[in-house]
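Let me begin by presenting the structure, written as structure tokens, before commenting on it.
The values are calculated or read from the model by the stated rules, or taken from the named source; none is laboratory data. Nothing here was measured: the structure is a model prediction, and the numbers come from that model. A quick note on method: Cβ atoms are made from the backbone with ideal geometry, for glycine too, and the neighbour counts reach across all protein chains shown. All accessible areas refer to the heavy atoms of the entire protein, side chains included, with ligands and DNA or RNA removed. Shrake-Rupley method; radii C 1.70, N 1.55, O 1.52, S 1.80 Å.
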Amino acid sequence: MDVILFLVFAIIAVVCGINVVVQRHPITSALSLIGVMGSLAVLYLLLGAEFIAMAQVIVYAGAIMVLFVFVIMLLNAGAEETRGKSLVAQLLGLPLLILFLAFASYFVQRFVPSSTIVHFGAFKSGTAQNIGIALFTRYLLPFEVTSVLILIAILGAIVLARKELDR
Amino acid sequence: MMTGVPLSWYLILSAVLFALGVAGFLFRKNIITVFMSIELMLNAVNLSFIAFSYQLQQVNGHIFTFFVMVVAAAEAAVGLAIILSVFKNRATLNVDDVNSMKY
């Protein structure tokens, strides 16, 4: 069951990821990216990360991607035009990518102990309670600094996107 | 029979998604798609964090993922504001046309 779930959602994630890269229209890329994030949320659940899976759905697939879709609609972004493609990139890009992935897979297989088998339910400390305890005791300072970061991001977004006032 | 998936499969999936993100970042011309490729890379790294957190049986990787999500949200807000500002000034979304800092 674990294997089937992993394979199904891994394949969905990879296909949607390829779709993000190859589609010419940004709105199609955005919807594919939502597919990637949704399937990653299921994989997080399989790894026992309940809180992060929910946060992934709410924050990433919900808030951030809505922002993306909103900007795409606002700018009326059409399909991008292709021009001046490099011949070297066209010929070498895909083989080099596959070569890189083969090397990465080889080293991961070699250096990660293969005794670790992921069972659903074997990792129980990914609940909101445990995350909250860690966040408010050991990681309290980074958590508070994060609030300042978000405040700065809000101010920056407002300053950058406001209408220029006539002086 | 209770069979599971080896942890390395998750890491390989993470590597595949990260490579796709890099490819999209390098090949795409539309600035919004480039930005979405960055989000794809961040997601791939999050999957690695969660996988290692499972292996070590610690919650620290989850905290890191949480912070990555927060930073991604802030980055999306500011980055999309910059894209709006660029589009307002240049009337283009092609990254090749945005090659000077001012005027």
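Could you work out the pair-distance distribution P(r) of segment B:30-92 from its alpha-carbon pairs, with 5 angstrom bin width and percents rounded to whole numbers?
Pairs per bin, as whole percents: 4, 17, 21, 18, 14, 10, 7, 5, 3, 1, 0.
Would you be so kind as to list the residues of segment A:12-38 that have their accessible area lowered by at least 30 Å² in the full protein complex compared with their chain by itself (1.4 Å probe)?
A:Val14, A:Val20, A:Val21, A:Pro26, A:Leu33
If you consider only alpha-carbon coordinates, what radius of gyration and Dmax does the protein assembly as shown have, in Å?
Final numbers for Rg and Dmax: 19.8, 74 Å.
How many lysine pairs does the protein assembly as shown hold where the Cα atoms are under 20 Å apart and the two sit 8 or more places apart or on different chains?
5
With all protein chains present and a 1.4 Å probe, how do B:Glu75, A:Glu144 order by accessible area, largest first?
A:Glu144, B:Glu75
Computing the accessible area with a 1.4 Å probe over protein heavy atoms, can you report the carbon and sulfur percentage for the protein assembly as shown?
Answer for the protein assembly as shown is 73 percent, counting heavy atoms of protein chains only.
Any residues in segment B:28-46 that have 30 Å² or more less accessible area with all protein chains than in their chain alone, probe 1.4 Å, and which are they?
Buried by 30 Å² or more upon assembly, which counts only protein chains, are B:Arg28, B:Lys29, B:Asn30, B:Ile32, B:Thr33, B:Met36, B:Glu39, B:Leu40, B:Asn43.
To the nearest 100 Å², how much accessible surface do chains B and A hide from each other in total, with a 1.4 Å probe?
Buried: approximately 6700 Å² between A and B.
If you roll a 1.4 Å probe over the heavy atoms of the protein chains, what accessible area per residue do you get for the protein assembly as shown, in Å²?
54
A:Gly126's amide H: which non-local residues (gap 5+, or another chain) put their own amide H closer than 5 Å, with H modeled 1.01 Å from N in plane and none for Pro or chain starts?
A:Glu50
In percent, what relative contact order does segment A:17-167 have, based on Cα pairs under 8 Å that are 6 or more apart in sequence?
Contact order relative to length: 28 percent.
In nm, to one decimal, how far is the modelled label at A:Val15 from the one at A:Asn76, with both set 7 Å along Cα→Cβ?
3.5
How fast does segment A:43-156 diffuse by Stokes-Einstein, in µm²/s, taking the Kirkwood radius from C-alpha pairs at 37 °C and 0.692 mPa s?
The diffusion coefficient I find is 170 µm²/s.
Give, rounded to the nearest 20 debye, the magnitude of the charge dipole that chain B has about its Cα centre when Lys and Arg contribute +1 at Cβ and Asp and Glu contribute -1 at Cβ.
Roughly 240 debye, rounded to the nearest 20.
Is it possible to state the helix-based mean residue ellipticity at 222 nm for the protein assembly as shown, with each DSSP H run of 4+ residues giving -39500 (n - 2.57), the sum divided by total residues, to the nearest 500 deg cm²/dmol? What is it?
Helix-only estimate at 222 nm: -24500 deg cm²/dmol.
Could you rank B:Arg90, A:Arg110, A:Arg162 by how accessible they are, 1.4 Å probe, largest area first?
Ranked from most to least accessible, the order is A:Arg110, A:Arg162, B:Arg90.
Would you tell me the mean number of C-beta atoms belonging to other protein chains that fall within 10 Å of each C-beta in B:84-92, as a whole number?
Mean partner shielding for this stretch: 3.
Which of the DSSP-defined H helices in chain A satisfy a minimum axial length of 24 Å, computed from C-alpha atoms, and a minimum mean Kyte-Doolittle hydropathy of -1.0?
Membrane-span-like by this rule: A:2-22, A:26-46, A:87-111, A:140-161.
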